[in-house]
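The values are calculated or read from the model by the stated rules, or taken from the named source; none is laboratory data. Keep in mind that this is a model prediction, so the values were computed, not measured. Positions of Cβ are generated from backbone atoms using ideal geometry, with glycine treated the same way; all protein chains shown enter the neighbour counts. For the accessible areas, the whole protein counts, side chains as well, though only heavy atoms, and no ligand, DNA or RNA atoms are used. Shrake-Rupley method; radii C 1.70, N 1.55, O 1.52, S 1.80 Å.
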Amino acid sequence: MNEPKEIRQSNARLIEAFLEMMAVERAAAANTLKNYGRDLERFASFVLPRGDALQTAGADDIAAWLSALEAEGLAASTAALKTSALRQFYQFLYSENYRADNPTASIERPKTRRPLPKVLTAEEVTALFEAAEQDKSPKGMRMMALLEVLYAAGLRVSELVGLPLAAVRRGERLLIIRGKGDKERMAPLTGRALEAVDAYLSCRDRFLSNEGDSSPWMFPSRGKTGHLTAARFAQMLKDLAVEAGLTPSKISPHVLRHAFATHLLEGGADLRSVQQMLGHADITTTQIYTHVAQDRLKDLVFSKHPLAKKQGK
């Protein structure tokens, strides 16, 4: 099988057999099949000038391909996905006796680093709140309550918009949240947040479908869900960002949740307490915010410290 045409035909048959197995036995999604097929075809094109077919390619071919991808500036996370495609493909060839070994067995997985979350500075959060305070209408009071509760308790957006009315009891400084896995947790509310909630509750009826209606939701809506949706709140935040002179693409409900966690850690809060307030099952998920806080402190020192500035560091 030395002719390129024969090699291409053989490659195509093997890829087709592999994708059929993935679809039938593993119920792989159409998009996954498309990506795997594209990656395998690209790898086949890479090894063809080297005189190899997919069936005969070795670990050195795979390592060379991954190095070429890295040279192109491919992210480690993307390289890891492409490596996964090759691993599964060659495991298939090995298990179906197309070849006597699996060349990916000796290939190390590309090391990936979890990206640090985007975070707003305290000044940017303040600008957002100051812009919201300008609107004294019922919608403005609702937005203020949403912002204060989100930033005070670090809720997920689904938890925020789906808050039941019973979650906040007037005069009490604790918020009862039912989060992932139906687990219940409590988060303290600031005095500002309580004031914003009380102001909003005085006009909450304006958001019900009809006068005299009732709703179990803290933030009711006339839509199908019966409460404000995550998508609508996200858009409201971006509109507010424009009014605050901030970049809209930088603002989202999740970014505010990140800001809540990072600002707490910067203020001296312990990691375990932040984990409990965020509702993280595993503390390693919360630890990502310590890296954000550390990076921000480094930037502060390098940009503001007089000796660092003097020495050009």
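One table, with the values for the structure above:
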| read-out | value |
| --- | --- |
| Relative packing of peptides 239-245, 95-101 - highest average C-beta neighbours within 10 Å first | 239-245, 95-101 |
| Estimated distance in nm for a label pair at residue 33 and residue 63, the labels positioned 7 Å out from Cα along Cα-to-Cβ | 3.5 |
| Isotropic mean projected area of the C-alpha convex hull, the stretch 121-236 (nm²) | 7.5 |
| Full-stretch length increase - residue 169, residue 184 - with 0.36 nm per residue and alpha-carbon distance subtracted | 3.8 nm |
| FRET efficiency estimate (nearest 0.05) - Cβ-Cβ, residue 94 to residue 24, R0 22 angstrom | 0.70 |
| Over the stretch 1-69, relative contact order from alpha-carbon pairs under 8 Å, at least 6 apart, % | 34 |
| Computed P(r) (all Cα pairs; the stretch 205-246; 10 Å bins; percent) | 28, 39, 26, 7 |
| Viscosity 1.567 mPa s, temperature 4 °C, Stokes-Einstein D of the stretch 177-237 from Kirkwood C-alpha radius, µm²/s | 96 |
| Which listed pairs, of 34/224; 183/224; 136/250; 34/183; 136/238, have C-alpha distances above 30 Å, in listed order | 34/224; 34/183 |
| Rg(Cα)/(2.2 N^0.38 Å) for the stretch 8-130, N = residue count | 1.39 |
| Accessible surface of the stretch 1-147 [probe 1.4 Å, protein heavy atoms]: carbon and sulfur percent | 50 |
